[in-house]
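Presented below is the structure to which this report refers.
The values are calculated or read from the model by the stated rules, or taken from the named source; none is laboratory data. A quick note: this is a predicted structure, and the numbers were derived from the prediction, not measured. Positions of Cβ are generated from backbone atoms using ideal geometry, with glycine treated the same way; all protein chains shown enter the neighbour counts.
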């Protein structure tokens with residue numbers, strides 16, 4: 001029930017351990033380490049950092065102990081734009097010459113790779129609105145039709161559908177179905193987002209294209225008339241800003257559509273400037289494209305003219321939509337992990353840096369997120385990104401822990417039928433391993449989602465009650481809580497296309513699970529909680545069907561217990577808790593029958609599942 005690694009020395013890069021979260025090269029940082037009495041008191045502690053790739057050691061000083069925990073602090077000079085570091089602890093003499101490393105993957109008595117080190121990037125902090133954001137993702141064609149929308153002639157590729165018509169999950173019709181949702185329809189429903197506690201609206205592409213998903217843009221110069229055109233986007237952003245909701249767009253910097261004006265000109269004239277925008281073979285007949293899909297030709301970022309038009313300066317695509325009259329608040333870059341990469345060419349980090357530089361130049365304080373659906377840690381070694389839209393460190397292990405045995409949805413593109421299920425130990429181990437490579441700042445700015453427009457819906461793959469448990473963890477763990485439109489109604493979907501179901505505004509018949517009240521409570525709790533926004537994370541107990549963790553901050557702390565089944569004997573030693581149990585109060589989330597009692601210097605937790613219980617404690621006492 002209690003894993004020894006859960007009572008190890010602790011550091012995670014959060015503000016409780018690293019006060020300066022936005023250093024610049026040359027700064028001296030005071031980095032702290034916390035060691036529980038159960039682990040033992042170290043005789044000496046060193047901090048090892050890499051200076052131009054070479055290890056350097058600074059000895060830590062002992063701070064006053066607090067509540068049975070010893071504290072240590074070491075000063076380190078930031079020599080490079082990325083600081084990598086770990087701790088080296090020498091055990092008590094009675095234990096012999098015992099040494100232990102502490103890295104982002106945990107404590108280890110033997111050497112571990114440098115890639116496991118803690119990471120701090122020298123970048124300005126994200127704007128306050130972004131750091132505390134709750135994201136709501138909208139697929140515009142399926143969200144809402146505006147009251148003033150007039151029927152328009154559809155292009156030849158499109159097939160008109162009534163709002164109640166079923167979505168085709170696969171086949172020739174799938175990208176052609178048009179339901180008529182538009183940007184003014186989103187504007188008319190903004191109060192729905194306010195009620196949920198949403199602060200960031202994320203729109204999938206709004207440029208003209210030859211599909212309903214619009215990742216095959218035909219131009220980046222205008223908003224698709226099917227969505228209402230430029231004026232509709234201006235109205236939407238203005239109305240959202242009036243409600244303190246930021247708006248970010250979705251940009252395909254990896255490819256365009258084959259009907260894009262640039263590609264059409266390139267094919268027509270191999271001597272044109274646009275011909276350098278793509279990877280053509282010698283005869284200009286074949287070309288590189290996204291995953292071999294001919295309708296998505298890949299951009300060649302070696303072209304200086306492409307960089308000028310797309311990225312550089314106030315007239316670029318990147319800048320235009322961030323400036324008046326449109327005033328978007330940032331971008332999510334589609335398949336950012338593939339951008340600038342083709343065969344032996346790799347300009348990924350260089351192009352990301354150019355995008356960030358333009359954004360910082362035209363309007364500082366905007367949000368830049370990278371889609372990187374696999375392990376995103378390498379992609380986020382670039383200084384450019386605030387965070388990632390990724391699945392591997394949270395969404396994937398969450399699905400595996402909460403999946404039904406008979407779930408048959410595809411598991412994130414793998415050639416597997418069904419979801420490979422894991423227990424609570426596997427969930428925590430996977431989450432820790434795949435979070436370790438992120439800086440704390442990136443970890444708190446990664447989009448944490450139950451599902452998105454590219455996946456099956458959680459309600460289709462999870463046990464009954466699982467989506468509610470997952471939703472609670474979306475808000476209670478570090479990250480930007482991210483809702484895909486329809487999550488609040490428990491919509492179903494067997495794959496990404498099937499999940500893009502029109503919103504059931506007319507009634508409850510098509511709302512399998514109504515999570516609106518839970519989401520609103522979680523969003524309110526998080527918005528008012530420094531512990532949930534930036535507090536440290538410590539895992540306290542792990543069992544097959546239940547996991548427990550603490551979020552700790554000077555102003556308040558939480559103990560969070562998430563379960564997929566009934567439990568009656570989850571035990572946490574009092575020395576690992578963030579305060580006295582007598583000072584705790586339970587937070588009402590809507591799950592009954594959750595209790596905690598003291599017995600033999602242990603907190604014994606029990607409850608019915610699937611469920612989540614949350615207890616609030618006084619703030620963490622720092623030396």
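For the reader, a short list of remarks on this structure follows.
- As for the range 522-530, it holds at least one residue that is surrounded by fewer than 20 Cβ atoms within 10 Å (Cβ to Cβ), free of Cβ contacts under 8 Å to residues at least 12 places away in the same chain and in a loop (DSSP other than H, G, I, E, B).
Quick grid of which residues meet (1) farther than 23 Å from residue 233 by Cβ; (2) under 25 Å from the mean Cα position of the chain (by Cα); (3) in a helix (DSSP H, G or I):
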| position | (1), (2), (3) |
| --- | --- |
| 301 | yes, no, no |
| 307 | yes, no, yes |
| 314 | no, no, no |
| 323 | no, no, no |
| 331 | no, yes, no |
| 339 | yes, yes, no |
| 354 | yes, yes, yes |
| 358 | no, yes, yes |
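- The set of residues in the range 129-152 being part of a loop (DSSP other than H, G, I, E, B) and either surrounded by fewer than 23 Cβ atoms within 10 Å (Cβ to Cβ) or touching a helix residue (DSSP H, G or I) at 6+ places or on another chain (Cβ under 6 Å) (or both) consists of 132, 134, 143, 144, 145, 146, 147, 148, 149, 150, 151, 152.
- Residue match in the range 454-467 (condition: farther than 27 Å from residue 406 by Cβ and either in contact (Cβ under 8 Å) with a residue 12 or more places away in the chain or buried (at least 22 other Cβ atoms within 10 Å of the Cβ) (or both)): no
- For the range 1-42, a tally of residues being assigned to a loop (DSSP other than H, G, I, E, B), in contact with a helix residue (DSSP H, G or I) (Cβ under 8 Å, 6 or more places away or on another chain), on the phi < 0 side of the Ramachandran plot and at pLDDT 95 or above returns 3.
- The range 483-500, residues that are farther than 15 Å from residue 511 by Cα and surrounded by 24 or more Cβ atoms within 10 Å (Cβ to Cβ): 483
- The set of residues in the range 54-70 being closer than 17 Å to residue 101 by Cα, surrounded by fewer than 19 Cβ atoms within 10 Å (Cβ to Cβ) and in contact (Cβ under 8 Å) with a residue 24 or more places away in the chain consists of 57 alone.
- For residue 565, the test of being in a loop (DSSP other than H, G, I, E, B), on the phi < 0 side of the Ramachandran plot and at pLDDT 95 or above is passed.
- Number of positions in the range 98-126 that are closer than 22 Å to residue 334 by Cα and out of contact with any helix residue (DSSP H, G or I) (no Cβ under 7 Å at 6 or more places or on another chain): 0
- Of the residues 126, 155, the single one that is more than 19 Å from residue 533 (Cβ to Cβ) and in a loop (DSSP other than H, G, I, E, B) is 155.
- Those residues of the range 275-298 which are touching a residue at least 24 places away in the same chain (Cβ under 8 Å) and either surrounded by 12 or more Cβ atoms within 10 Å (Cβ to Cβ) or in a helix (DSSP H, G or I) (or both), in sequence order: 276, 277, 279, 288, 289, 290, 295, 296, 297, 298
- Of all residues in the range 547-556 being in contact with a helix residue (DSSP H, G or I) (Cβ under 6 Å, 6 or more places away or on another chain) and not in a loop (DSSP other than H, G, I, E, B), the one that is surrounded by the most Cβ atoms within 10 Å (Cβ to Cβ): 551
- Test: residue in the range 490-509 that is touching a residue at least 24 places away in the same chain (Cβ under 8 Å), in contact with a strand residue (DSSP E or B) (Cβ under 8 Å, 6 or more places away or on another chain) and under 18 Å from residue 524 (Cα atoms): no
- Within the range 212-226, the set of residues being in contact (Cβ under 8 Å) with a residue 60 or more places away in the chain, more than 21 Å from residue 329 (Cα to Cα) and either buried (at least 22 other Cβ atoms within 10 Å of the Cβ) or over 22 Å from the mean Cα position of the chain (by Cα) (or both) comprises 212, 216, 225, 226.
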